[in-house]
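Taken together, the values in this text are just the output of simple stated rules run on the coordinates, not laboratory data. Predicted model, so just to flag it, every value in this text is computed and none were measured. Ideal geometry is used to build each Cβ from the backbone, glycine not excepted, and the neighbour counts take in all protein chains shown.
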Amino acid sequence: MSNKNSKRVQYINSNLLGRKREPIEIVQEEPIELIMKELETETTIDRNEVIDMCQDLLEGELSSFHRDSMMQYLNYASTAQFPPQMTALDASQPWMVYWIANSLATVKPSSIDDELKRKIVNKLFTISPEKGPFGGGSGQLPHIAGTYAAINALSLCDNIDGCWDEINKPAIYDWLLSLKQPDNSFITCNPVGETDTRGTYCALSVASMLGIMTDELTAGVAEYLESCQTYEGGYGGTPVGDEAHGGYTFCAVASLFILGRSDLIDIEGLMEWCSARQYNEEMGLSGRNNKLVDGCYSFWVGATAAMIEALTGVECLDKSALQRYILNCCQSDERPGFRDKPGKSPDFYHTNYVLLGLAYAESSFSFKDSRTDNPFAITSTQRKNVENSANLIPISPIYGLPIDSLNKFHDHFVTHKK
Ligand SMILES: CC(C)=CCC/C(C)=C/CC/C(C)=C/COP(=O)(O)OP(=O)(O)O
Ligand SMILES: [Zn+2]
């Protein structure tokens with residue numbers, strides 16, 4: 001180093017950087033606030049409100065499952081006429097039937113007696129006198145979601161009066177095929193509908209349960225789904241760069257399991273994304289980054305985690321914490337049924353998916369004989385020593401139905417070739 005340069009270095013060190021000076025210690029009386037804490041946005045304000053509401057409820061004892069009030073709520077729902085303010089659900093009638101019947105089946109299968117089964121079948125066959133495909137209500141165009149919910153609800157009716165044999169499989173098959181798009185997605189309804197992973201899941205769920213999955217129906221579908229996994233690890237609704245979301249992720253992952261193509265999933269990325277859905281403070285799950293916890297993701301994300309668990313043996317969520325969010329924050333002493341979060345009202349959609357999420361939190365998952373290519377071979381067993389267990393019926397995370405009824409329905413169509 002030249003003399004001139006060495007002087008310059010000395011000057012910088014001693015005068016500008018202070019390296020020759022004694023260090024000065026400053027004792028900070030107040031804790032230093034992280035700069036992020038000072039950044040307040042609508043998102044952080046909403047989140048803090050939810051944390052405040054949850055924290056009081058989460059502290060202290062783990063609540064028990066309010067079985068009696070839940071059964072009263074569901075039994076009433078299965079007999080009552082819905083009030084006029086529920087007309088917004090006019091296009092979701094098969095959904096209502098599925099949510100209520102499935103909740104009953106998950107808590108107490110015998111509560112779906114023959115009278116209720118006949119009522120369900122009558123309701124669904126009135127919506128579709130051709131007995132499939134099904135719209136959202138009488139006189140409405142056939143819709144993939146209505147058909148999915150109707151087939152699920154019929155699977156809970158145990159072939160009463162031969163109703164399973166009346167399902168119009170040829171019409172459903174031709175119609176499903178007519179929904180398939182050039183990019184191998186399925187449109188929800190013709191001529192106007194959406195194409196995303198929901199349509200694909202509903203189509204594959206129905207087709208696999210009825211034993212009408214053909215190469216023509218499924219060609220290219222796995223590749224379409226594969227392209228919906230985003231850099232975040234979860235799945236968007238479509239391959240065009242949508243944000244990963246719990247509902248669409250469930251639909252894509254369950255579809256890949258139905259197709260026996262779980263090999264197309266980036267499992268590590270998906271596991272990380274699922275784990276990031278659970279928040280330390282609330283203990284429940286969100287559907288996407290920087291959004292609020294919501295009880296229904298206990299199923300959409302919980303079931304995705306259950307499928308990963310069955311495949312790899314690894315749990316990527318804290319099930320006990322999730323059970324605490326559900327029992328302490330999604331139910332209240334004031335109103336029966338499950339809700340999204342404290343401050344919200346219970347409804348049948350959340351009641352069904354929070355119950356299924358609770359069943360996930362209390363169970364372990366694997367594939368019978370390691371048959372990971374067979375979606376009907378998934379098994380669910382009670383975890384040991386679960387405090388305040390609700391003792392729910394084993395649920396298939398792929399189909400969102402009790403495993404017993406699902407397998408009976410599938411055997412009827414596939415094993416016995418009805
Ligand atoms: C079988 C079938 C058809 C499944 C559908 C699955 C699905 C897409 C569920 C999403 C449900 C939901 C809570 C959306 C809300 O989005 P939001 O933006 O209001 O909520 P967020 O803030 O939690 O993201
Ligand atoms: Zn919800």
**Item:** Under 20 Å from the Cα of Lys108 - lysines, other chains or at least 8 residues apart
**Value:** Lys117, Lys119, Lys408
**Asked** Given the rule -39500 (n - 2.57) for each run of at least 4 DSSP H residues, summed and divided by the residues of the chain, what is its mean residue ellipticity at 222 nm, to the nearest 500 deg cm²/dmol?
**Response** -14000 deg cm²/dmol
**Prompt:** When the gyration tensor of region 69-181 is built from Cα positions, what are the square roots of 5 times its three eigenvalues, in whole Å, from largest to smallest?
**Reply:** 24, 17, 12
**Request:** Going by C-beta contacts inside 10 Å, put Lys4, Lys119 in order with the fewest on the left.
**Result:** Lys4, Lys119
**Request:** With everything on Cα atoms, drop me the angle between helix 348-361 and the longest principal axis of the chain, reported from 0 to 90° to the nearest 10.
**Result:** 70 degrees
**Complete:** With label points set 7 Å from each Cα along the Cα-to-Cβ direction at Glu272 and Tyr76, the distance between them in nm comes to 4.8 nm
**Request:** With everything on Cα atoms, drop me the angle between helix 144-155 and the longest principal axis of the chain, reported from 0 to 90° to the nearest 10.
**Result:** 60 degrees
**Message:** Can you give the log10 of the normalised intensity I(q)/I(0) at q = 0.14 Å⁻¹, computed with Debye over equal Cα scatterers of region 183-300?
**Reply:** -0.57
**Under Karplus coefficients 6.51, -1.76 and 1.60, residue-wise ³J(HN,Hα) of region 120-130 in Hz, glycine/proline x** = 5, 4, 4, 4, 5, 6, 7, 5, 10, x, 7
**Prompt:** What does the charge count near Gly220 come to, summing +1 for each Lys or Arg and -1 for each Asp or Glu among other residues with Cβ under 13 Å from its Cβ?
**Reply:** -3
**Prompt:** If each residue's Cβ is checked for other Cβ atoms within 10 Å, how do Met71, Met209, Met271 rank with the fewest at the top?
**Reply:** Met71, Met271, Met209
**Message:** What number does region 307-362 give for Rg over Rh if you use C-alpha atoms and the Kirkwood radius?
**Reply:** 1.05
**Complete:** Taking 0.36 nm per residue of separation between Asp404 and Glu334 and subtracting their Cα-Cα distance, the length gained on full extension comes to 21.9 nm
**Fill in**
Restricting to Cα pairs under 8 Å and 6 or more apart, the percent relative contact order of the chain works out to 16 percent
**Asked** How much length, in nm to one decimal, is gained on full extension between Val386 and Arg371, taken as 0.36 nm per residue of separation minus their Cα-Cα distance?
**Response** 2.6 nm
**Fill in**
Listed by chain and number, the lysines with an alpha carbon less than 17 angstrom from that of Lys319, same-chain partners under 8 positions apart left out, are Lys384
**Request:** Over region 262-418, consider all pairs of different Cα atoms and compute the Kirkwood hydrodynamic radius from their mean reciprocal separation; express it in Å, one decimal.
**Result:** 16.1 Å
**Item:** Label-to-label distance, nm, for residues given as Asn190 and Leu141 (7 Å Cα→Cβ offset)
**Value:** 1.1 nm
**Request:** Just report the Cα centroid separation between region 351-367 and region 75-141, whole Å.
**Result:** 23 Å
**Item:** Burial order of peptide ranges 83-91, 408-416, 133-141 (average beta-carbon count within 10 Å, highest first)
**Value:** 133-141, 408-416, 83-91
**Request:** Take Thr106, Thr312 and order them by how many other Cβ atoms sit within 10 Å, fewest up front.
**Result:** Thr312, Thr106
**Request:** Using a cut-off of 10 Å between beta-carbons, work out the net charge of the residues near Val97 (Lys and Arg +1, Asp and Glu -1, Val97 not included).
**Result:** +2
**Request:** Give me the lysines in straight-line cross-link reach of Lys341: C-alpha distance below 16 Å, same-chain residues under 8 apart excluded.
**Result:** Lys291
**Message:** Over the Cα atoms of the chain, each weighted equally, I'd like the Debye log10 I(q)/I(0) at q = 0.10, 0.12 Å⁻¹, rounded to two decimals.
**Reply:** -0.68, -0.96
